[in-house]
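The values are calculated or read from the model by the stated rules, or taken from the named source; none is laboratory data. Predicted model only: the values in this text are computed from it and were never measured. All Cβ positions, glycine included, derive from the backbone under ideal geometry; neighbour counts span all protein chains shown.
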Amino acid sequence: MKISIIGAGYVGLVTGACFSKLGFPVTCVDLNQETVKRINEGEAPFYEPGLAELLAGQVKAGLFSATVDLRQAAQYSGVTFVCVGTPMAGDRQIDLSFIIKAIDELSEALKDKKDYHLVVMKSTVVPGTTEKMAERLWEMTGKGAGQVGFCMNPEFLREGSALADFLSPDRIVIGQSDAKAGDYLASLYETMPAQVLRTNLRTAELIKYASNTFFAMLISYSNEMARLAECIGDIDVIEVLSGLILDRRISPAAGGSILSPGLAAYLKAGCGYGGSCFPKDTNALRELSTKGYDYNPLLLDAVIAINERQIYHTVSLLYKEMDPRGKEIAVLGVAFKPDTEDIRESPAIKMIDRLLAGGAKVRICDPRALGPARKHWGERPGVSYCEDPGEALKGAHGAILVTSWPQFTCLEPEDFLKNMATPLLIDGRGVYDREKFSRAMNFRVIGYRPGSKNPA
Ligand code: NAD
């Protein structure tokens, strides 16, 4: 079966490249001519480990191509995955304009198609959206579910490990307009050894939000514990959370050893979550609850507020140690996490803006994300860009670790001491050895404050 994909971003390109690796001929459609050109030359338009190599091979083998012509791509395929962006509109809601445009163009393309066609929503959309899009397309084409079926197939890949996540999924969720549509989509995944969950469209949509908001909640929960540990003093949140994770209900014992759950990676304190999904999805679900259904989502409110507070708290740890005016501050990491160049909603963005507003000069250092950072801040006065941490730290008065790239986490106290004008380090990810760094230099970390104070 031939597959067409609308949107050649992280989700669309990974989905397309992986389906073509499984043997399906794939055409990816994107509005961006430069993106299309680069893909057809066998190049990945952004950094994702393993993607460039996979794409080059699949393009060469004639199994993968890109185009700006949605009509042709849709007409010559049996299934179209919608993978366009659903960014935040303003502060909270998601912007559905890319989805609507894609559905309208698809309707035009499918109007005179004779054979059955399946449309699969892979973009993250709030419950009810896929149903609305199906109705819109059916009305525009004059067809019904018997001729154009709809599925909602949320994507759970994580940037940095996207190929492995796609090719070895833990579950495949298929929300379906009807059984024929679901069967059609299930057949594409039949070689993947994963649990398949078949639901209606809106349940599949909410599963995606339930998943992302759950992990965001674990991070905010950890940060709440971190702040409490800092307030009380002489408590290290790392020890607190390790003690929690060892609970058998979280880490079961099997064959004499303790299984460490994947969620342990989210039970970590730090400078807050970011990325193109967690902030957008928590906000969109809160907005849907309050504006759409007049339901006050107290937990989501807290998750979002704690994250926002944590980002600024990290900067305030630095401010407690120095007056930032005119000082050079190295920000180690601008990508929202390691192994990606994606800076969308990275905590670093708010931190850097706050530092600049406080009169500091900021040296942004990142092994992969300087391109997107340059696009964001450009030649703004007070901002400079460094490839190498040594260069960023040279003569700096303070440093904040934001992204735990191995190039940063391997640094030793001497690397800061020998380079910095005043060796002050704020560890926003809790990665450095507290004792070693505290002994060697001025060191502050999220979730630990030496000394103790009992409340009055
Ligand atoms: P992205 O911004 O990287 O890519 C979207 C692409 O769609 C862009 O290349 C854009 O040019 C293209 N596009 C927009 N409108 C188009 C149209 N009408 N025709 C053709 N191309 C069009 O977005 P992304 O990160 O891949 O995310 C896509 C969706 O998947 C979002 O809803 C997101 O929430 C969800 N998602 C993202 C991730 C992730 O890690 N990035 C993971 C799971 C789900």
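A few remarks follow.
- Among residues of the stretch 339-363 that are polar (S, T, N, Q), those with a beta-carbon under 6 Å from a residue that is part of a loop (DSSP other than H, G, I, E, B) and within 13 Å of the ligand (Cβ to nearest atom) at least six positions away or on a different chain give the pairs Thr340/Glu159; Thr340/Gly160; Ser346/Gly274; Ser346/Phe336.
- Considered as a group, the residues in the stretch 225-251 that are surrounded by fewer than 17 Cβ atoms within 10 Å (Cβ to Cβ), among the hydrophobic types (A, V, I, L, M, F, W, C) and not in a helix (DSSP H, G or I) include one that is farthest from the chain's Cα centre (by Cα), and that residue is Leu246.
- Restricting Gln147, Gln176 to residues that are over 18 Å from Phe19 (Cβ atoms), more than 15 Å from the ligand (Cβ to nearest atom), modelled with pLDDT of 95 or more and touching a Lys or Arg at 6+ places or on another chain (Cβ under 7 Å) narrows the list to Gln176.
- Against the conditions (1) more than 10 Å from the ligand (Cβ to nearest atom); (2) surrounded by fewer than 23 Cβ atoms within 10 Å (Cβ to Cβ); (3) closer than 20 Å to Leu206 by Cβ; (4) in contact (Cβ under 8 Å) with a residue 24 or more places away in the chain, Met133 satisfies every one except (2).
- Matching residues in the stretch 36-77 - criterion: being part of a loop (DSSP other than H, G, I, E, B) and among the small types (Gly, Ala, Ser): Gly42, Ala44, Gly50, Ala61, Gly62, Ser77
- Glu139 closer than 16 Å to Leu201 by Cβ and either more than 16 Å from the ligand (Cβ to nearest atom) or among the basic types (Lys, Arg) (or both): no
- Residues satisfying the stated conditions in the stretch 90-112, i.e. surrounded by 18 or more Cβ atoms within 10 Å (Cβ to Cβ) and at pLDDT 95 or above: Leu96, Phe98, Ile99, Ala102, Ile103, Leu106, Ser107, Ala109, Leu110
- Contacts under 6 angstrom Cβ, first residue in the stretch 404-429 being among the acidic types (Asp, Glu), partner buried (at least 22 other Cβ atoms within 10 Å of the Cβ), 6 or more apart: Asp427/Leu401; Asp427/Val445
- Sub-8 Å Cβ pairs linking a first residue in the stretch 17-42 that is more than 13 Å from the ligand (Cβ to nearest atom) to a second residue that is basic (Lys, Arg), at least 6 apart or interchain, are Phe24/Lys2; Pro25/Lys2; Val26/Lys2; Gly42/Lys60, ordered by first then second residue.
- Filter result for the condition that a residue is of a type in the set (Gly, Ala, Ser), crowded, with 18+ Cβ neighbours inside 10 Å and more than 16 Å from Glu328 (Cβ to Cβ), over Ala392, Ala360, Ala348, Ala396: Ala348
- Yes/no for Ala254 being surrounded by fewer than 17 Cβ atoms within 10 Å (Cβ to Cβ), without any contact (Cβ under 8 Å) to a residue 60 or more places away in the chain and closer than 30 Å to Gly358 by Cα: no
- Counted as qualifying within the stretch 101-189 are the helices (runs of 4 or more DSSP H) with 3 or more residues that are aliphatic (A, V, I, L, M), more than 27 Å from Asp339 (Cβ to Cβ) and under 28 Å from the mean Cα position of the chain (by Cα), namely 179-188.
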